[in-house]
1. Scan region B:80-99 for residues that are within 7 Å of chain A (Cβ to nearest Cβ) and surrounded by fewer than 20 Cβ atoms within 10 Å (Cβ to Cβ) and jot them down.
2. Only one of (1) open to solvent by less than 20 Å² (accessible area, probe 1.4 Å); (2) within 12 Å of chain B (Cβ to nearest Cβ); (3) within 11 Å of the chain's Cα centre (by Cα); (4) under 17 Å from residue B:110 (Cα atoms) is not met by residue A:34, so which one is it?
3. For residues that are open to solvent by 50 Å² or more (accessible area, probe 1.4 Å) and touching a Cys at 6+ places or on another chain (Cβ under 7 Å), tally how many sit in region A:101-127.
4. Pick out the one residue from A:43, A:62, A:19 that is among the aliphatic types (A, V, I, L, M), more than 30 Å from residue B:77 (Cβ to Cβ) and surrounded by 14 or more Cβ atoms within 10 Å (Cβ to Cβ).
5. With the structure loaded, tell me whether residue A:130 is more than 10 Å from chain B (Cβ to nearest Cβ), among the aromatic types (Phe, Trp, Tyr) and either without any contact (Cβ under 8 Å) to a residue 12 or more places away in the chain or loosely packed, with under 14 Cβ neighbours inside 10 Å (or both) or whether it fails that test.
6. Any residue that is over 16 Å from residue B:31 (Cα atoms) and either touching a strand residue (DSSP E or B) at 6+ places or on another chain (Cβ under 6 Å) or hydrophobic (A, V, I, L, M, F, W, C) (or both) - is there at least one of those in region A:77-89?
Number of protein chains: 2
Amino acid sequence: MTLLNKSWLDEVSWDTNGLVPVIAQEYDTGRILMFAWMNREALQLTYDNKQAVYWSRSRNKLWRKGEESGHVQHVHEIRLDCDEDVVLIKVEQVGGIACHTGRHNCFFKKLENGNWLVDQPVIKDPKDIY
Amino acid sequence: MTLLNKSWLDEVSWDTNGLVPVIAQEYDTGRILMFAWMNREALQLTYDNKQAVYWSRSRNKLWRKGEESGHVQHVHEIRLDCDEDVVLIKVEQVGGIACHTGRHNCFFKKLENGNWLVDQPVIKDPKDIY
């Protein structure tokens, strides 16, 4: 007899680097906070602890979001897309700041007449966050 | 004298394949519709015509969203993130169907007790779309 213990993690189509792209959306406002990556361990930890853990491609290690800043993300929902290769998490952003620039979210540049214009304020100086 | 005609397209950090990940969000509801990729030409066309054009990595060519299905996306806003390597577009989804499965959006699998559960209906049978 073969016991099949297929995990929900096996249903994710990990890329050749073992990563999956992740969109973090504010659960109550619907605003997109940030985009990052997770490996298998990060997604497992995110699910287990209901707190977002990403994989930092630049530092090549787990990135426990908010570890330094306190701006952790409480996870309300985890979703997978039709091709099983993109994850969407709906989170509560503690501190109301998701971006390392001290802004609410990372998408603060809007294309206007062929220029990227910043249209969101810095809520807290990054020097006072990290 | 050197004339510098730096384009807004040059400010995007294209990956080694010349692509940038793109999140498509419904402009009025805030719901995430889909995730895809664009190359330089796709982003230029999307901006010029205010209609989403992606780069299909599987077919290795431009993908004029809705060309076959009629489910085009009218672009209201184009945004770039802090690292300039992710694009967010806010769109009006014609037909109310963004996913090739005939659903409103691609993120119809929700993680519940260790299982991915489908919680969104098929609005139109894909056989009747394509």
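1. B:82
2. (4)
3. 0
4. Selected residue: A:62, the only one of A:43, A:62, A:19 that is among the aliphatic types (A, V, I, L, M), more than 30 Å from residue B:77 (Cβ to Cβ) and surrounded by 14 or more Cβ atoms within 10 Å (Cβ to Cβ).
5. For residue A:130, the condition - more than 10 Å from chain B (Cβ to nearest Cβ), among the aromatic types (Phe, Trp, Tyr) and either without any contact (Cβ under 8 Å) to a residue 12 or more places away in the chain or loosely packed, with under 14 Cβ neighbours inside 10 Å (or both) - is met.
6. Filtering region A:77-89 down to residues over 16 Å from residue B:31 (Cα atoms) leaves A:83-85.
Still in the list and also either touching a strand residue (DSSP E or B) at 6+ places or on another chain (Cβ under 6 Å) or hydrophobic (A, V, I, L, M, F, W, C) (or both): none.
Checked against the condition, which is being over 16 Å from residue B:31 (Cα atoms) and either touching a strand residue (DSSP E or B) at 6+ places or on another chain (Cβ under 6 Å) or hydrophobic (A, V, I, L, M, F, W, C) (or both), region A:77-89 yields no hits at all.
The values are calculated or read from the model by the stated rules, or taken from the named source; none is laboratory data. Everything numeric here is computed off the predicted structure, so don't read it as measured data. Note that we place each Cβ from the backbone using ideal geometry, even for glycine, and neighbour counts take in every protein chain shown. To get the accessible areas, we keep the full protein, side chains included, count just its heavy atoms, and leave off ligands, DNA and RNA. Shrake-Rupley method; radii C 1.70, N 1.55, O 1.52, S 1.80 Å.
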